[in-house]
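A.B. asks: Dropping the structure in here first, questions after.
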Amino acid sequence: MPKSLVPTICPYCAAGCGFYIAVEKGRATGIEYMPEHPANEGALCPKGNAALEIIYHQDRLRYPMKRKGEGFVRISWDEALGMVARGIGKAIKEAGPDSVGFLSSSKCTNEENYLMEKLARCLKSRNIDSCARLCHAPSVVGLNRTLGAAGMTNPIPDLANSKCVLVIGSNFAENHPIISRWVHKAKDLGAIVIVADPRLTPTAWFADMLLQLWPGTDVALVNGMIKVIIDEGLIDKEFISLWTKGFESLVDAVKDYTPEKVEEITGVPASDMVMAARAYARSPASAIVYSMGITQHTTGTDNVQALANLALITGQIGKEGSGVLPLRGHNNVQGACDMGALAEFYPGYRKADDPETAKFFSEAWGVDGLPVGRGLTATEMIDSADAGDLKALYIMGEDPANSDPRCLHAAEALFNLDFLVVQDIFMTATAQMADLVLPAAAWAEKDGTFTGTERRVQWAGQAIEPPEEARSDLAIICDVARAMGLRFDYPDAESVLSEINRLVPQYKGITRDRLGLGGITWPCPSTDHPGTPILHSQGFKLPGNRASIVPVQYRPPSESVSPEYPFVLTTGRVVLHHNAGSMTRRSPSLMERSPELFIEINPRDADRLGISEGEVVCVASARGETTAIARLTDKLKEGVVFMPFHFPGTNILTTDARDAEAKIPEYKVAACRVSRRD
Amino acid sequence: MPVYVDINRCIGCRSCEVACKNAHSGRSYVEVKVIDHRASVPVMCHHCEEANCTLACFSGALTKDGARTAFDIHKCTGCGLCAMACPFGVVWTDKTAHKCDLCGGAEIPACVATCPAQALSKDQEVAAKRARARAAVAAVLGGRR
Amino acid sequence: MISLDSTKCIGCCSCSNVCPSKNITREDVGARRIIRYKACQEFCDICVESCPGKALTLAAQGEDVEIAFDMVRCEVCGAPYATEKMLDRIRTSIPADLQVDSTGKSWVGICPMCRRDLERERAARPIIASRGR
């Protein structure tokens, strides 16, 4: 039977693993490994292995539907597009373009993200954002400010060249499993691994040094390390004087973060912190790996900046085996940001509040009067909908009713909208609330590029047709644009990519014909440029070619424990599921191995509450309550509990307190109580 | 001959289970569990030299084929004696016996190919080699840590 | 019709698995296994051929028959997992030195799930020690 193998990129996390989809007679029949891929060398985590299980799922949306009472009725595409035009058009007419919001998808292609933000801005709305807001917005803000670029500075395989890997706020063994391969290689070559996390995850198994800090105390820990490095003369004086500015203010800012003070705040023994600081500073090539444990805080931007400071004063950047490595979540959240699906940036990180930006794109797009100014972020759109100011919202491939914090409130806010249109592959909780649901193609059913966490842009080919009347998001956005009187003539993803090549400097040389195995890493300024795996080796794209050292001070998390809510709830992920779970909770191989919501609790805490292993317990916070299965484990210190957010329920409890600048919610710290169900 | 596990590398992701299941029409012959929240161990057929399962099997379904313990499903009645005879509990029975078949002699078994952490290998020495390499590096670095 | 020699039956799963007409059923309730043979009209001999104990023969006439076993409980977890006669057969069909682990302890009285867990714990002990508390 003739079988074709279509190269694709995994739709789950941002590691960007490559594999082949086997297609026989127009049907995806299996997965074949891609040993030639530079990042994963053929390997796949369980989600990648199960990736095809959602393609033919019975829940796939197949045709447009409009709300009728409590349910939905099928309508034609013509009627659906008319409804979108009227719904959005009415809001614009009655309350202005800023009464409409657009939420783009970190799971859709670069081309689709580009078109979504173009649609928003051509309709003169400033309110375009994506779920990067919920995960790495602090990295976008903090790293752009300190280093001049927001992305993992070194590629994943380069970790094998590290001699010291500082893992802080990342559980890569579960959430980016392929990273394990390269950290193991580094260890086999003598690297020291330091893991800083409140929870002893499988990533902690890699650790030569374990820093089990209290949730939300990262700035204290990092400032403490910086002070040790300064006091012991372990800074890289030459690097600081050639490539940075602001060092003197940092010396002053960290002077009170003595090891004892840091131990008091973080719970990490002073001597452990000192040893870790020395190991990081002394090694010839040290890398910092970080993720949600750093970003999802009201101090997220500060946390990121503290890490950048640490790397800058030790010169651990711009060379092999070093760097600042934010591990991004979704398969294309990096791309969504690069394409400007962000409230504060147009494509290529041009600032939205700069009139020159609007001018540039006005000329490029042939559209006058593009909006200037920062729009509502995803989290602020919820506030605005709640207040009745945001009237209409177009959501593509996102499920805020499950993934937003304080999600019951988020759902209420969405209900308050005059018009909600949701474009997705499944009837998510968010889609359930829509006035109009549009069926989209899954990743294997369309062409386009995805940019992984390494800034590696890769082409994924269409393997099969979407079901029934489902269409690629690209086609739908173009149809919506046309229905609203705009000229969006893009017959395919390649035509959009050509426009991206012209207008996004980092993507200039990343043309379709150059995208083979392994893709190209941006920035790629011309078609004969090989791409830039390692950033900052020639300085920083900031004034004077210098990085900015931005001192930060420790501030405690927004919510503290109380007699009523005595536990610190921290949330996160597990290896078998992905984010809000709309795909992984529909995959039998994954569900049979991880079927339900659980809460991890220290056995001594459980004992005091009379809770035993496997029991159903109630978990409540100031925002609501839910039930979960208790798992007793000493991975957490007493007083801290953990819940994964892949199952509905966890985000009922989380707080929507935000980082003031990046607007990311503090998913990692909330106060809760746990009790037996009866 | 069997797939060997470098437990030091296993991250407990269970990708081997899913890959094995995909390669065998829905049944997995490897099982991963976390021990004590501190280590994760996949277990599967050892393809023992002196294979108890082949001695217990009365129908000739389980036999030694060189280094590999071979299984012929057509001869199996699902009695369950092999499962009782296996010291490691890695023969499952349910209608018929089920166990690792080394992916029918494929050059690289699915579990080995898919493991993100390279914990599985056909090389019996891989764990020991890596440990020796780490020790050598530590010696060269002179304990400078 | 099937004739059962109950002295030879070891209470395994063969006949109930292979009967094409589902005349033979096996029910495990708690620690008790009951195998029931309905009077059958077929004269295939699949169950006869598949019996490890050679307990079954074909007979011209007969009635419904059943046989019950108290299952052995695992020494570690207490779950019932096999009949005593099946385990006896294991003890006689494999060499004595292959019935014990490296410390000389027999694993025959332990269920397959616990055998897997024991192997894991044994193999992971040095790793767990190095990962410390």
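The values are calculated or read from the model by the stated rules, or taken from the named source; none is laboratory data. Here the structure is a predicted model, which is why all the values come from computation and not from measurement. Positions of Cβ are generated from backbone atoms using ideal geometry, with glycine treated the same way; all protein chains shown enter the neighbour counts.
A.B. asks: Out of C:LEU87, C:LEU58, I need the residue that is closer than 26 Å to B:LYS75 by Cβ, of a type outside the set (Gly, Ala, Ser) and more than 11 Å from every other protein chain (Cβ to nearest Cβ). Which one?
C.D. replies: C:LEU58
A.B. asks: Quick test for you: out of A:ILE476, A:ILE520, pick the one residue that is farther than 27 Å from A:ALA15 by Cα, modelled with pLDDT of 95 or more and surrounded by 19 or more Cβ atoms within 10 Å (Cβ to Cβ).
C.D. replies: A:ILE476
A.B. asks: Moving on. Go over the candidates A:GLU111, A:GLU174 one by one and state the one that is among the acidic types (Asp, Glu), more than 14 Å from chain B (Cβ to nearest Cβ) and either part of a helix (DSSP H, G or I) or surrounded by fewer than 23 Cβ atoms within 10 Å (Cβ to Cβ) (or both).
C.D. replies: None of the others qualify; the one that does is A:GLU111.
A.B. asks: Here's another thing I want to ask about it. Return only the number of the condition from (1) assigned to a strand (DSSP E or B); (2) touching a residue at least 12 places away in the same chain (Cβ under 8 Å); (3) exposed (fewer than 14 other Cβ atoms within 10 Å of the Cβ) that C:GLU27 does not satisfy.
C.D. replies: (2)
A.B. asks: List the helices (runs of 4 or more DSSP H) inside the range A:262-341, counting only whole elements, that have at least 3 residues being farther than 18 Å from A:GLU454 by Cβ and charged (D, E, K, R).
C.D. replies: Qualifying helices (runs of 4 or more DSSP H): A:270-282.
A.B. asks: Hey, can you tell me all the residues within the range A:519-530 that are out of contact with any helix residue (DSSP H, G or I) (no Cβ under 9 Å at 6 or more places or on another chain) and touching a residue at least 40 places away in the same chain (Cβ under 8 Å)? Spell out the reasoning first.
C.D. replies: Keep residues of the range A:519-530 that are out of contact with any helix residue (DSSP H, G or I) (no Cβ under 9 Å at 6 or more places or on another chain), which gives A:519, A:521, A:526, A:528-530.
Those that are out of contact with any helix residue (DSSP H, G or I) (no Cβ under 9 Å at 6 or more places or on another chain) and touching a residue at least 40 places away in the same chain (Cβ under 8 Å): A:GLY519, A:THR521.
A.B. asks: Follow-up question, since we're still on this one. Inside the range A:415-454, can you point out the residues that are in a helix (DSSP H, G or I) and either touching a Leu at 6+ places or on another chain (Cβ under 6 Å) or surrounded by fewer than 24 Cβ atoms within 10 Å (Cβ to Cβ) (or both)?
C.D. replies: Across the range A:415-454, the qualifying residues are A:PHE415, A:GLN432, A:MET433, A:ALA444, A:GLU445.
A.B. asks: A follow-up question, please. Looking only at residues in the range C:63-119 that are hydroxyl-bearing (Ser, Thr, Tyr) and either closer than 22 Å to C:ILE35 by Cα or touching a strand residue (DSSP E or B) at 6+ places or on another chain (Cβ under 6 Å) (or both), which one is modelled with the lowest pLDDT?
C.D. replies: Filtering the range C:63-119 for residues that are hydroxyl-bearing (Ser, Thr, Tyr) and either closer than 22 Å to C:ILE35 by Cα or touching a strand residue (DSSP E or B) at 6+ places or on another chain (Cβ under 6 Å) (or both), the one modelled with the lowest pLDDT comes out as C:SER106.
A.B. asks: Which of the residues spanning the range B:18-28 are touching a Lys or Arg at 6+ places or on another chain (Cβ under 8 Å), surrounded by fewer than 23 Cβ atoms within 10 Å (Cβ to Cβ) and more than 7 Å from every other protein chain (Cβ to nearest Cβ)?
C.D. replies: Correct list: B:ARG27 only.
A.B. asks: Please give the number of the condition A:GLY509 fails out of (1) under 20 Å from A:THR449 (Cβ atoms); (2) buried (at least 20 other Cβ atoms within 10 Å of the Cβ); (3) touching a Cys at 6+ places or on another chain (Cβ under 9 Å); (4) of a type outside the set (Ser, Thr, Tyr).
C.D. replies: So A:GLY509 meets the others, but not (2).
A.B. asks: Return yes when A:ALA22 is over 30 Å from A:ALA431 (Cα atoms), in a loop (DSSP other than H, G, I, E, B) and of a type in the set (A, V, I, L, M) and no when it is not.
C.D. replies: no
A.B. asks: Could you pull out the residue among C:THR92, C:THR57 that is under 18 Å from B:ASN52 (Cα atoms) and out of contact with any Leu (no Cβ under 6 Å at 6 or more places or on another chain)?
C.D. replies: Answer to the selection: C:THR92.
A.B. asks: Looking only at residues in the range B:29-38 that are touching an Asp or Glu at 6+ places or on another chain (Cβ under 9 Å) and within 7 Å of another protein chain (Cβ to nearest Cβ), which one is nearest to A:ASN49 (Cα to Cα)?
C.D. replies: Kept after step one, since they are touching an Asp or Glu at 6+ places or on another chain (Cβ under 9 Å), are these residues of the range B:29-38: B:29-33, B:35-37.
Checking the rest, the ones that are also within 7 Å of another protein chain (Cβ to nearest Cβ) come to B:31, B:33, B:35-37.
Details: B:GLU31: 16, B:LYS33: 19, B:ILE35: 24, B:ASP36: 27, B:HIS37: 24 Å.
Once the filter is applied, the top-ranked residue is B:GLU31.
A.B. asks: Turning to a different aspect of this structure: Filter the range C:95-109 for residues that are assigned to a loop (DSSP other than H, G, I, E, B) and either over 21 Å from C:ARG73 (Cα atoms) or more than 9 Å from chain B (Cβ to nearest Cβ) (or both) and give the result.
C.D. replies: Start the filter on the range C:95-109 by keeping residues that are assigned to a loop (DSSP other than H, G, I, E, B), which leaves C:95, C:99, C:101-105, C:107-109.
Once the filter is applied, which keeps residues that are assigned to a loop (DSSP other than H, G, I, E, B) and either over 21 Å from C:ARG73 (Cα atoms) or more than 9 Å from chain B (Cβ to nearest Cβ) (or both), the range C:95-109 yields C:PRO95, C:SER102, C:THR103, C:GLY104, C:LYS105, C:GLY109.
A.B. asks: Looking at this structure, is A:ASP188 more than 13 Å from chain B (Cβ to nearest Cβ), within 25 Å of B:THR114 (Cβ to Cβ) and surrounded by fewer than 24 Cβ atoms within 10 Å (Cβ to Cβ)?
C.D. replies: It is false that A:ASP188 is more than 13 Å from chain B (Cβ to nearest Cβ), within 25 Å of B:THR114 (Cβ to Cβ) and surrounded by fewer than 24 Cβ atoms within 10 Å (Cβ to Cβ).
A.B. asks: Now a separate question. Being loosely packed, with under 15 Cβ neighbours inside 10 Å, touching a helix residue (DSSP H, G or I) at 6+ places or on another chain (Cβ under 6 Å) and under 28 Å from A:ASN154 (Cβ atoms) narrows it down to one residue among A:GLY539, A:GLY544; which is it?
C.D. replies: A:GLY539
A.B. asks: Shifting gears a bit: Only one of (1) outside any loop (DSSP other than H, G, I, E, B); (2) modelled with pLDDT under 95 fails for A:VAL193. Which number is that?
C.D. replies: Unmet for A:VAL193, out of (1) outside any loop (DSSP other than H, G, I, E, B); (2) modelled with pLDDT under 95: (2).
Yes/no matrix, rows are residues, columns are (1) assigned to a helix (DSSP H, G or I); (2) within 11 Å of another protein chain (Cβ to nearest Cβ); (3) more than 30 Å from A:LEU44 (Cα to Cα); (4) at pLDDT 95 or above:
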site: B:PRO2; (1), (2), (3), (4): no, no, no, no
site: B:CYS10; (1), (2), (3), (4): no, yes, no, yes
site: B:SER40; (1), (2), (3), (4): no, yes, no, yes
site: B:CYS53; (1), (2), (3), (4): yes, yes, yes, yes
site: B:MET84; (1), (2), (3), (4): yes, yes, yes, yes
site: B:GLY104; (1), (2), (3), (4): yes, no, no, no
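A.B. asks: Just checking, how many residues over the range A:15-58 are at the interface with another protein chain (Cβ under 10 Å from one of its Cβ atoms) and among the charged types (D, E, K, R)?
C.D. replies: So the count comes out to 4.
A.B. asks: Considering each of C:TYR81, C:TYR37 in turn, give the residue that is within 30 Å of C:ALA123 (Cα to Cα) and aromatic (Phe, Trp, Tyr).
C.D. replies: C:TYR81
A.B. asks: Which pairs turn up if I take residues in the range A:562-589 that are surrounded by fewer than 20 Cβ atoms within 10 Å (Cβ to Cβ) and look for partners that are of a type in the set (D, E, K, R) and part of a loop (DSSP other than H, G, I, E, B) with beta carbon separation below 8 Å, at least 6 apart in sequence or on another chain?
C.D. replies: Pairs found: A:ARG586/A:ASP59.
A.B. asks: Can you name every residue in the range B:58-77 that is at the interface with chain C (Cβ under 9 Å from one of its Cβ atoms) and either in a helix (DSSP H, G or I) or buried (at least 24 other Cβ atoms within 10 Å of the Cβ) (or both)?
C.D. replies: The one that is at the interface with chain C (Cβ under 9 Å from one of its Cβ atoms) and either in a helix (DSSP H, G or I) or buried (at least 24 other Cβ atoms within 10 Å of the Cβ) (or both): B:THR77.
A.B. asks: If you don't mind, another one. Restrict the check to the range A:207-218 and report whether at least one residue is in a strand (DSSP E or B) and crowded, with 24+ Cβ neighbours inside 10 Å.
C.D. replies: Yes: the range A:207-218 contains one or more residues that are in a strand (DSSP E or B) and crowded, with 24+ Cβ neighbours inside 10 Å.
A.B. asks: In addition: Of all residues in the range A:507-538, which are touching a Gly at 6+ places or on another chain (Cβ under 8 Å) and outside any loop (DSSP other than H, G, I, E, B)?
C.D. replies: Passing the criteria: A:TYR507, A:ILE520, A:THR521, A:SER537.
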